[in-house]
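Please read the structure below before turning to the comments.
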Amino acid sequence: MTASDRVLLVREGTFVSLGSDGAITGSAGASPDGLFLRDARHLSRWELTVDGTAPAVLAGASEGPRATCVLTPAGTRDEPPAYTVFREQAVDAGVFTERLRIVSNRPEAMTARLALWVDADFADQFELRSDHRTYPKPDAARTVEMTPQGIEFDYRRGDWHSRTSVAATPAPDASTAGSDGTARRLVWSVELAAHGQAEVNLRVEAHPCGAAPRPLPAASADPVPELADAEGDLLRACTQGLADLDLLRIQATGPDGEPVSMPAAGIPWFLTLFGRDSLLTSYFALPYRPRTAAGTLAALAATQGTEYDAFRGEQPGRIVHEVRHGELAHFRQVPYGRYYGSVDATPLFLVLLHAHAEATADRALAVRLERHARAAVEWMFTDGGLDEHGYLVYEPDPNGLVNQNWKDSAGAICHIDGTQAKGPVAVCEAQGYAYDALVRTASLARTTWHDPAYAQRLETAAAALRTRFHRDFWMAEQGFPALALDGDGRQVDALASDAGHLLWSGILDQDRAEQVGRRLLRPDFFTGWAIRTLAADQAPYHPLSYHRGSCWPHDNALVALGLARHGLTKELTTLARGLVEAAAHHGYRLPEVMAGYDRSELPEPVPYPHSCSPQAWAAATPLALLTALREGS
C-alpha cells in the first residue's frame with residue numbers, strides 16, 4: 001500500500017490506515033497500515049473474501065468521519081455480480097467498527113460465504129519504519145483465544161500487556177487458524193432472500209498497556225475562529241487546516257494532573273506529543289484557537305525536565321521533544337519515552353507563553369507557569385549553552401538525534417560542500433528563538449511577575465546575544481547568515497531556509513532582514529510553490545532530500561510571518577500565493593513536506609514520498625499565512 005492508496009480514519013488519539021477496499025494487510029515502511037493506538041499496531045490484518053476470493057473495488061473508500069467502499073465479486077457484462085458488499089468503517093477512542101452489508105442482485109434466494117482474516121501483531125511503530133534496525137524482545141508471547149462472539153489477541157512481555165478483542169454480530173459460524181498460528185479466519189454463511197440483504201457488524205477494541213483511551217472534550221469548546229477576511233483557496237485551506245487540527249487532538253496531562261488537549265504532530269508516525277511541532281502549531285493557530293496553545297503549554301510544563309538522564313537527554317528545565325507510550329520506549333530500547341533531544345523546544349515554550357498572554361489578554365497561565373518559565377530560561381543559560389558558548393548549542397546524541405533543531409536528519413546541518421557540521425553546533429534559527437524568548441520573558445517579568453531586576457537581566461542578555469549573532473553569523477560576501485557555527489566557531493556556510501526564521505524572531509536588523517527576505521524569493525530558493533530548505537545551486541541540494549532541498553510548509557509559514565514583520569509585502573504576497581496554490585493541488589490539505597522541484601518543470605507540486613498527512617504544523621500553515629497577510633497589509 002502506498003500513501004496515495006491509504007485511507008485514514010482518526011479520532012481521539014486512535015487512527016486506522018486502510019486500503020481503498022477497506023483492508024489491512026500488515027504493511028510496514030513509508031506507509032504502514034493497521035489500527036494504531038499509543039504507538040502500537042493493534043490490528044495488522046483485516047482482509048475480506050467473498051466465496052473464496054477477494055472482491056473487486058467498485059467504489060473505493062474516501063476519508064471522512066467514516067469510510068464507505070463498495071465491493072463486488074467477479075462478474076461480466078452478461079453475468080453481472082450476484083451481490084454487492086458495502087463496507088462502512090469508523091474509528092473512535094480505542095475502537096474500530098465495521099458494518100458489512102451484503103445485498104443480493106438476484107431474483108432468487110442464495111447463500112454467500114463471507115470470510116475475514118484477522119490478526120494483531122502489536123508491533124511498535126519504531127519497528128515498522130524499515131530503518132534496518134531490530135529490537136530483541138526476550139520472553140515476548142502472543143496468544144489467541146476464540147470467544148463466543150469472535151476472537152481475542154493477547155500480547156505479554158514482562159510487565160507489558162496489551163490486548164485486542166474482536167466481536168461480531170452475528171457470531172461467526174466457524175473459524176480457522178492461519179499457518180503462523182496467530183491469524184484467524186472468521187467465516188459466515190449468509191442467507192440472502194431474493195433481492196434481500198444481510199449484515200455483519202464487527203467491533204474491534206484496542207486495550208493498550210498503560211492508560212485506557214479517554215474521550216476528549218468536544219472541539220466545539222474552542223471559540224469559533226474568525227476567518228472573515230479569508231476568501232477563496234486561502235479560506236478553504238484554513239478551513240481544512242482547522243478540521244485537521246481537530247483530528248490530531250490528543251489528550252495529555254497538565255502540571256497539576258488535569259486533563260488537557262493539544263495537537264499531536266502528525267500521522268502515521270507522530271500521533272503523540274512533540275514539543276517543537278506542537279508549540280509552532282499552537283503559535284500559528286493562536287489567533288484562532290487560543291485554547292490549543294493553553295493545552296500545549298500545560299502539557300509541556302508537566303513533562304519539563306527535572307533531572308539529568310543522559311539516555312533521554314533530560315536536563316532540569318529542558319522542554320521535552322517527544323513522548324512515546326510504546327513497548328520499546330517502556331523497556332528503554334529507544335530513548336523516546338520522554339526524549340529531550342531538542343535545542344529549540346525550550347525557547348519556543350517561552351515564546352508561546354508570552355504570545356498566549358498577549359493574544360488573550362489573560363495573564364493567569366503565565367502566572368501559573370512562572371516557575372516552569374524560569375526553569376526554561378535557566379536551562380538556556382546553563383545546559384543550553386548561552387553562558388559557556390554564547391549560543392544555544394547541541395552535540396550529536398549517540399542514543400537519539402544527530403541534529404537537534406527542526407532539521408533533525410543526519411547531514412542536514414551541512415557546509416556548502418555537504419559535510420555535516422561537528423558539534424557543539426549552534427544553528428542560526430535557535431539563536432533567533434533564544435533572543436525572542438529572552439525579550440518576551442523579560443516582558444512577562446516586568447508586567448506579570450513584577451520582577452524588574454530579572455527583566456533587566458534578560459534584556460541585557462538578549463541585547464548581547466543579538467550583537468554577537470550579527471558579528472559571528474553574518475556572511476558579508478553572501479549577504480546572508482550562516483546556517484550554523486560548528487564546534488570550532490566556524491561558519492557552516494550552506495545557504496538554507498533557516499535564515500528566514502530570523503525575520504520572525506526579530507534578531508536581525510531591518511537592513512539585513514530585507515536582504516534575507518528578498519534573497520529567499522530568488523529562483524534558487526523559491527520553487528514557485530514554496531521556499532526550499534537549501535538553495536538549489538549548492539552541492540548538497542537534492543529535491544527529494546528530507547532537509548536538503550525539499551519544501552516544508554511550516555518553514556515557509558515562519559518566513560511569511562517574518563516578511564510581514566519587516567514590511568516585505570511583495571515577497572509575502574508571492575510566497576503566500578504559491579503556498580495556497582500548492583494547498584489547492586493537495587485538496588487544500590498541505591502535506592508535511594513537498595519535493596523541491598521548480599514549478600516550471602511540472603504543473604503541480606511533486607509529492608515527497610514519506611510525507612505525513614495530516615500533519616499539524618502543515619495544517620496550521622494557512623492560518624499563519626492569513627495572520628501574516630493581515631499584518632502585512
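Annotation for Val103 and Asp362: the two label points, set 7 Å from Cα along the Cα-Cβ direction, are 4.9 nm apart. Across all directions, the average projected area of the convex hull around the alpha carbons of the chain is 29.6 nm². With R₀ fixed at 25 Å, the C-beta to C-beta distance from Ser409 to Glu477 puts the FRET efficiency at about 0.35.
The value of relative contact order for the chain, using C-alpha pairs under 8 Å at least six residues apart, is 10 percent. For segment 109-126, the Karplus equation 6.51 cos²θ - 1.76 cosθ + 1.60, evaluated at θ = phi - 60°, returns couplings of 5, 7, 10, 10, 10, 9, 9, 10, 7, 10, 7, 9, 9, 6, 5, 6, 4, 5 Hz by residue, with Gly and Pro reported as x.
For segment 7-207, the relative contact order is 21 percent, taking Cα pairs closer than 8 Å that sit 6 or more residues apart in sequence and dividing their mean separation by the residue count. Database remark: amide H of Val492 closer than 5 angstrom to the amide H of Leu483, Ala484, Leu485, Asp486 (H placed geometrically; neighbours at sequence offset of 5 or more, or on other chains; Pro and chain starts carry no H). Lys and Arg at +1, Asp and Glu at -1: add these up for the other residues within a Cβ distance under 12 Å of Asp344 and post the number. For residues surrounding Asp344, the net value is -2.
Residues Leu58, Leu629, Leu35, arranged from fewest to most other Cβ atoms within 10 angstrom of their Cβ, appear as Leu58, Leu629, Leu35. Approximating the spin labels as points 7 Å out from Cα along Cα→Cβ, the Ala193-to-Ala59 distance works out to 2.5 nm. What is the helix-to-structure angle for 275-285, meaning the angle in degrees between its Cα long axis and the longest Cα principal axis of the chain, kept from 0 to 90 and rounded to the nearest 10? The helix 275-285 is inclined about 90 degrees to the chain. Quarter the surface of the alpha carbon convex hull of segment 447-562 and you get the mean projected area, 9.0 square nanometres.
Calculated FRET efficiency, Thr419 to Ala93, Cβ-Cβ distance, R0 = 60 Å: about 0.80 to the nearest 0.05. Computing FRET efficiency as 1/(1 + (r/R0)^6) for Arg133 and Thr306, where r is the C-beta to C-beta distance and R0 is 22 Å, gives about 0.15.
As a rough footprinting exposure proxy, the listed residues Thr14, Thr467 were ranked by other beta carbons within 10 Å of their own, and the order from fewest upward is Thr467, Thr14.
In angstrom, the C-alpha Rg and Dmax of segment 7-207 are 17.5, 60. Net charge dipole, the chain: roughly 480 debye, given to the nearest 20, about the Cα centre with Cβ charges of +1 for Lys and Arg and -1 for Asp and Glu.
Compared with the dominant Cα axis of the chain, that is its longest principal axis, helix 370-381 is turned about 70°. Kindly express, to the nearest 10 degrees and within the range 0 to 90, the angle between helix 290-302's C-alpha long axis and the longest C-alpha principal axis of the chain. The angle comes out at about 80 degrees.
The average projected area of segment 116-178, computed from the convex hull of its Cα atoms over all directions, is 5.6 nm². Multiplying the residue separation of Ala171 and Asn399 by 0.36 nm and subtracting their alpha-carbon distance yields 77.3 nm.
Looking at segment 540-620, which GluC sites (Glu not before Pro) are in a loop (DSSP not H, G, I, E or B) and have at most 11 other Cβ atoms within 10 Å? Hits after loop and neighbour filter: Glu601. Net charge in the neighbourhood of Ala54 (other residues with Cβ under 12 Å of its Cβ; Lys, Arg +1, Asp, Glu -1) is -3. Note on Asn201 and Arg630: the model spin-label points, each 7 Å out from Cα along the C-beta direction, lie 4.5 nm apart.
In the chain, helices alone account for a calculated mean residue ellipticity at 222 nm of -9000 deg cm²/dmol, with every DSSP H run of four or more residues adding -39,500 (n - 2.57).
Its Cα gyration tensor gives segment 324-455 an equivalent ellipsoid, and the semi-axes of that ellipsoid, as √(5λ) in whole Å with the largest first, are 30, 19, 12. Taking the charge dipole of the chain about its Cα centre, with +1 at Lys and Arg Cβ atoms and -1 at Asp and Glu Cβ atoms, the residue from Thr527, Ala366, Val7 reaching farthest to the positive side is Ala366.
When the chain is described by a simple charge dipole with +1 on each Lys and Arg Cβ and -1 on each Asp and Glu Cβ, the residue from Pro316, Tyr83, Gly150 located farthest towards its positive end is Pro316.
Only aspartates and glutamates eight or more places from Lys407 in sequence, or on another chain, were considered; those with a Cα closer than 18 Å are Asp277, Glu322, Asp344, Glu395, Asp397, Asp417, Glu429, Asp486, Asp493, Asp498, Asp555, Glu592. Here the relative contact order of segment 246-398, from alpha carbon pairs under 8 Å that lie six or more residues apart, stands at 19 percent. Across segment 60-158, counting alpha-carbon atoms alone, Rg and Dmax equal 19.5, 60 Å. Here His372, His547 are placed in order of increasing Cβ neighbour count within 10 Å, fewest first, which gives His372, His547.
Throughout, read-outs are computed from the coordinates displayed, never taken from laboratory work. Since this is a predicted model, take the numbers as computed values, not measurements. Using ideal geometry, Cβ is built from the backbone for each residue, glycine included, and neighbour counts are taken over all protein chains shown.
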